[in-house]
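Computed from the coordinates by the stated procedures, all read-outs in this text should not be read as laboratory data. Source: prediction; values computed, not measured. Because the Cβ atoms are built from the backbone with ideal geometry, glycine has one as well, and the counts that use them run over all protein chains shown.
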């Protein structure tokens with residue numbers, strides 16, 4: 001876990017990701033812009049991390065959002 005993260009309040013890292021107001025994902029999925037922040041939260045919760053690369057004009061990306069993200 002990166003040294004700059006404040007782990008004195010362990011739930012704080014997962015409660016509000018940086019730049020959350022700019023990232024709106026379907027189906028109530030929480031996303032992170034910051035890889036280190038996402039990894040720290042995943043480690044804290046003992047959960048795997050799903051990395052999704054997408055683009056605004058990506059047809060296959062919209063298909064995945066509709067079919068995969070909607071049925072976790």
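Between residue 46 and residue 16, what's the calculated FRET efficiency when r is the beta-carbon distance and R0 is 25 Å? Round to 0.05. Display every interim value, and only then the final one.
Numbers: r = 20 Å, r/R0 = 0.80.
About 0.80, to the nearest 0.05.
Which whole-number percent gives the relative contact order of the stretch 12-67, counting Cα pairs below 8 Å spaced six or more residues apart?
25 percent
By how many nm would the segment from residue 30 to residue 69 lengthen if fully extended, with 0.36 nm per residue of separation less the alpha-carbon distance? Display every interim value, and only then the final one.
Working: separation 39, 0.36 × 39 = 14.04 nm, distance 1.15 nm.
Taking residue 30 through residue 69 to full extension adds about 12.9 nm, to one decimal.
For residue 56 and residue 39 in the same chain, what is the full-extension length gain: residue separation times 0.36 nm, less their Cα-Cα distance, in nm? Working shown, then result.
Working: separation 17, 0.36 × 17 = 6.12 nm, distance 2.46 nm.
Fully extending the segment from residue 56 to residue 39 adds 3.7 nm.
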